[in-house]
Amino acid sequence: MLDPFEREVSYLRVSVTDRCDFRCVYCMAENMTFLPKRDVLSLEELERLCTIFVRQGVKKLRLTGGEPLVRRNIMSLIRGLGRLLDGGGLEELTVTTNGSQLPKLATELVDAGVKRINVSIDTLDPKKFETITRWGKLDQVIAGLDAADRAGLAVKINAVALKGVNADELATMLRWCGDRGYDMTIIEVMPMGDIGEQRVDQYLPLSMVRSRLAEEFTLTDIDYATGGPARYVKIEETGGRLGFITPMTHNFCESCNRVRLTCTGTLYMCLGQEDAADLREPLRASESDEPVIQAIHEAIQRKPKGHDFIIDRRGPVAATPRHMSVTGG
Ligand code: SAM
Ligand code: SF4
């Protein structure tokens, strides 16, 4: 699938639910209204839709949310998609998770064909963790990581850089990741959804984070790519890799290879733009896959050149009204 800018779309991120057992301050407001269940695709419908995407050339699938692993029966979907790995056209199946369900599910994920996961942790301080996630417990996530290690999953830690919250801890986290054998990615906060706070109060440019880390570590630029937008360096002192995701300070849209599907079957061609295509209607209208395939190809032809996120006191609180939990981070 080629878009109008000759970018090959081979990566689908699927938000399997907009619900979550945490309420991270940069992601959700404390009182969220979630999508009505009748609008949400069943797991069978999601599997059918993902399978169609794979047949159209998607090689990498990432399940996200909301918290993907809190959706009831999620393993049945993951096992179904895992079957596409064996000669079915899919090259990689991954999950982004807050880690809370890993004590229960890590082994099952491996059995289903998942080899790598991203786990989001913004601090190693249990009190701060509760403040950031509002409802999360660090202990439970660490137990999840222990289970992932035992199951043989490769782990990458995602941390959002938050001004005045975890800026002074990122070096410690990097060392901890090195000790546990994890790569790490630091993400700039993106202006998505009204969260009841000014984004500019959370926003910390990664250029500043990088210069601070460079005082303690030797960062060597490397070509490593995981199909995502992160730019990686090797940390000579730990041997681990560190990725920077910088939508605000460095626009990475020219190499964008992805589209995003929500749990209601809406396809977003860009995380930072509103244009979307409804795939639920053609999916439910016919047993034939043709109407969906046609809708997907039409949508890809509208993939925009890039996003236009701006964080500014003069600007709107949110550049896109959707929360990250809807489109899937
Ligand atoms: N619940 C899972 C988790 O936390 O990993 C998956 C969904 S979450 C929306 C995916 C990623 O998006 C997480 O790493 C989270 O930190 C990040 N995220 C959420 N809101 C964000 C925002 N406004 N800006 C930047 N990253 C955000
Ligand atoms: Fe939930 Fe992930 Fe959003 Fe936190 S970042 S509220 S864990 S979806």
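The values are calculated or read from the model by the stated rules, or taken from the named source; none is laboratory data. What you see is a predicted model; the values in this text were computed from it and never measured. In this analysis, Cβ positions are derived from the backbone assuming ideal geometry, glycine residues included, and neighbour counts consider all displayed protein chains. To get the accessible areas, we keep the full protein, side chains included, count just its heavy atoms, and leave off ligands, DNA and RNA. Shrake-Rupley method; radii C 1.70, N 1.55, O 1.52, S 1.80 Å.
Hand me the list of strands (runs of 3 or more DSSP E) wholly inside segment 135-237 holding 2 or more residues that are under 26 Å from THR94 (Cα atoms) and modelled with pLDDT of 95 or more.
Working: elements: 154-161, 183-188, 219-221, 231-235.
Result: 154-161, 183-188, 231-235.
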ask   = Just to be sure, is THR17 more than 13 Å from ligand 2 (Cβ to nearest atom) and either assigned to a helix (DSSP H, G or I) or under 30 Å from ARG79 (Cα atoms) (or both)?
value = no
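Only one of ILE117, ILE74 is within 16 Å of ligand 2 (Cβ to nearest atom), touching a strand residue (DSSP E or B) at 6+ places or on another chain (Cβ under 6 Å) and of a type in the set (A, V, I, L, M). Can you tell me which? Quick ask: steps written out before the conclusion?
Numbers: ILE74 fails: touching a strand residue (DSSP E or B) at 6+ places or on another chain (Cβ under 6 Å).
Among ILE117, ILE74, only ILE117 is within 16 Å of ligand 2 (Cβ to nearest atom), touching a strand residue (DSSP E or B) at 6+ places or on another chain (Cβ under 6 Å) and of a type in the set (A, V, I, L, M).
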The condition of being among the basic types (Lys, Arg), at pLDDT 95 or above and open to solvent by 10 Å² or more (accessible area, probe 1.4 Å) holds, among ARG7, ARG23, ARG38, only for ARG23
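Going through segment 109-125 one residue at a time, which ones are of a type in the set (Asp, Glu) and surrounded by fewer than 17 Cβ atoms within 10 Å (Cβ to Cβ)?
Answer for segment 109-125, where residues must be of a type in the set (Asp, Glu) and surrounded by fewer than 17 Cβ atoms within 10 Å (Cβ to Cβ): ASP111, ASP125.
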Over segment 275-295, the set of residues touching a residue at least 40 places away in the same chain (Cβ under 8 Å), in contact with a strand residue (DSSP E or B) (Cβ under 9 Å, 6 or more places away or on another chain) and over 15 Å from MET1 (Cβ atoms) is ARG280
Only one of GLY272, GLY240 is in contact (Cβ under 8 Å) with a residue 24 or more places away in the chain, of a type in the set (Gly, Ala, Ser) and in contact with a Ser or Thr (Cβ under 7 Å, 6 or more places away or on another chain), namely GLY272
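From the list LYS128, LYS104, which residue is open to solvent by 10 Å² or more (accessible area, probe 1.4 Å), within 16 Å of ligand 1 (Cβ to nearest atom), part of a helix (DSSP H, G or I) and within 25 Å of ARG150 (Cα to Cα)? Give the steps one after another, and end with the answer.
On the way: LYS128 fails: within 25 Å of ARG150 (Cα to Cα).
Result of the check over LYS128, LYS104: LYS104.
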Of (1) surrounded by 21 or more Cβ atoms within 10 Å (Cβ to Cβ); (2) more than 10 Å from ligand 1 (Cβ to nearest atom); (3) more than 23 Å from VAL209 (Cα to Cα), ALA151 fails just (1)
Taking the stated definitions as given, is GLU47 outside any loop (DSSP other than H, G, I, E, B) and not hydrophobic (A, V, I, L, M, F, W, C)?
yes
